[in-house]
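J.: This is the structure I want to talk about, given as structure tokens.
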Amino acid sequence: MKRVLLAISLVALLGGLAACGSSSSSTTNNSDTQTVTLGYFPNINHVPAMVAKAEGFYQEQLGENVSIEYKTFPDGASFMTALKTGEIEAGLVGPGPAMNNYTTGTDVKILAGGSTGGTVILAREDSGIETLEDIKGKTFITPRVGCTHNVQFETYMKENGITSERIGGTMVHSTGKPAQYQAMFESGKVDVAVAPEPWASVLAQEANANVIVSSDEVSFGQTLPASVLVSSGELVENNPDLIQKIIDSHKQAITFINNNPEEAKEITIQDIKEETGQELSKQVIDGAWENIGFTYELNADEVQAFGDSSYDLKFLKEKPDFTDLIDTQFIK
């Protein structure tokens, strides 16, 4: 029933919301409320969505006749499924899942950057790992196969002569939710975590994990957008006014974060607690914040270079061309 209602609301949006903010907006029936559902992950790379939600930026831009709903996801695969099925209209996701799905025919557009950095490689305290060479034959964990963090890690390791079993090497790959990495370290199930913030800081501060590769050393660590705002090409074409309002809200949130970091941190702590049940300390958030930058700017060349690396690592079957994936008209 929910999917049916979402589908109906999307049709209504395409027909009715195109007039929002225009001279014809008065023709909208004030008793009719449409729904826009936005997605994000409960980690620090997705703080712009948390801030826009808490500060009411989406509601402010879209107007009182639009009901804003939010849905969180543990990984990019589930986010992209929701986008494809119309469960969400837009949201923040890592560039890896957006690229991977685009190459298999998914109707997706990358519209803006969200954050940079935040991927840290850590070793379990008693794993015996002190250098990259020690990772040979060990088990590493990422949120999903071929996700942004996975590609960053394997690109870096391959540049240093070490690869995973998937492409003929010795490293063993496991996947799991970042919020559960600490428990996996404590159980000894994994040796190395490719962790997005704030979970990297949780491991370092609360599990005494050793940082092997910092966020500014790992491949694409400072140049690749760690999260991007995406929507469907269909919605971009049929309702650019709606997309512009979503992007404007996103830009408001990023400006707020950079101007009010302490308030943004409090919002982050509360949102992650609500979505994961885990209350992170201010110390953890402070540590994670040092590894993250927030910007809506988008470097298309860097996204293409990341895609080429995904192909080189055999996450993609064909060398990609992302010319039509990226659409920056709404952030100019």
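J.: Quick one: go through the stretch 165-180 and flag any residue whose amide nitrogen is under 19 Å from the point 7 Å out along the Cα-to-Cβ line of Glu206.
T.: 176-180
J.: For the chain, what is the calculated [θ] at 222 nm in deg cm²/dmol (nearest 500), taking -39500 (n - 2.57) for each run of four or more DSSP H residues and dividing by its residue count?
T.: -12500 deg cm²/dmol
J.: Say R0 is 41 Å: what FRET efficiency, to the nearest 0.05, do Gln283 and Lys189 get from their beta-carbon distance?
T.: In this case the efficiency is close to 0.95.
J.: With +1 assigned to the C-beta of every Lys and Arg and -1 to the C-beta of every Asp and Glu, and no other charges, what is the dipole magnitude of the stretch 78-154 about the Cα centre in debye, to the nearest 20?
T.: Value, rounded to 20: 240 debye.
J.: Expressed as a rounded percentage, what relative contact order does the chain have, with Cα pairs under 8 Å and six or more residues apart?
T.: RCO, the chain: 27 percent.
J.: In whole angstrom, how long is each semi-axis of the equivalent ellipsoid of the chain, when you take the square root of 5 times every eigenvalue of its Cα gyration tensor and sort them from largest down?
T.: 35, 22, 16
J.: Could I ask something else about it? Roughly how many Å is it from the Cα centre of the stretch 73-142 to that of the stretch 193-235, as a whole number?
T.: When both Cα centres are located, 9 Å separates them.
J.: List every residue whose amide H lies under 5 Å from the amide H of Thr139, counting only residues 5 or more places away in sequence or on a different chain, with H placed 1.01 Å from N in the peptide plane.
T.: Val172, Asp191, Val192
J.: Also, quick follow-up: Starting from the Kirkwood radius over alpha-carbon pairs of the stretch 119-213, derive D by Stokes-Einstein at 20 °C in a medium of 1.002 mPa s and give it in µm² s⁻¹.
T.: In µm²/s, the coefficient rounds to 168.
J.: Quick check: pseudo-label points 7 Å beyond the Cα along Cα→Cβ at Glu237 and Lys319, how many nm apart are they?
T.: Roughly 2.8 nm, to one decimal.
J.: Now for a different question. Residue by residue, what Karplus-based ³J(HN,Hα) values in Hz, rounded to whole numbers, does the stretch 60-70 have, using 6.51, -1.76 and 1.60 with θ = phi - 60° and x for Gly and Pro?
T.: 4, 6, 7, x, 6, 8, 10, 9, 9, 10, 10
J.: Using alpha carbon centroids, what distance separates the stretch 280-332 and the stretch 52-71, in Å?
T.: If you average the Cα positions of each part, the centres end up 25 Å apart.
J.: A follow-up question, please. Spelling out what I want: for every residue of the stretch 49-55, take phi, set θ = phi - 60°, compute 6.51 cos²θ - 1.76 cosθ + 1.60 (Karplus), and round to whole Hz; glycine and proline get x.
T.: Karplus-based 3J(HN,Hα) across the stretch 49-55 equals 5, 5, 5, 4, 5, 5, 8 Hz.
J.: Turning to a different aspect of this structure: Apply the Karplus curve 6.51 cos²θ - 1.76 cosθ + 1.60, θ = phi - 60°, to the phi angles in the stretch 273-286 and return the couplings in whole Hz, x for Gly and Pro.
T.: Each residue of the stretch 273-286 in turn: 4, 5, 8, 10, x, 10, 9, 8, 6, 4, 5, 5, 5, 4 Hz.
J.: Taking the Cα centre of the stretch 119-213 as origin, work out the dipole magnitude from +1 charges on Lys and Arg Cβ and -1 charges on Asp and Glu Cβ, in debye rounded to 20.
T.: About 380 debye.
J.: Let me ask something additional. To the nearest 0.05, what FRET efficiency results for Glu297 and Ser174 with a Förster distance of 25 Å applied to their C-beta separation?
T.: 0.15
J.: I would also like to ask the following. Non-local amide H neighbours of Cys147 (under 5 Å, H modeled in plane, Pro and chain starts lacking H): which ones?
T.: Those qualifying (amide H under 5 Å, at least 5 residues apart or on another chain) number zero.
J.: Pull up all non-local amide H partners of Ile326: gap of 5 or more, or a different chain, and H-to-H distance under 5 Å with H placed in the peptide plane.
T.: Amide H to amide H, under 5 Å and 5 or more residues apart or across chains, Ile326 pairs with Ile110.
None of the figures in this text is laboratory data; all of them are computed from the coordinates on show. These numbers come from a predicted model, not from an experiment. Every residue, glycine among them, receives a Cβ derived from its backbone with ideal geometry; neighbour counts consider all protein chains shown.
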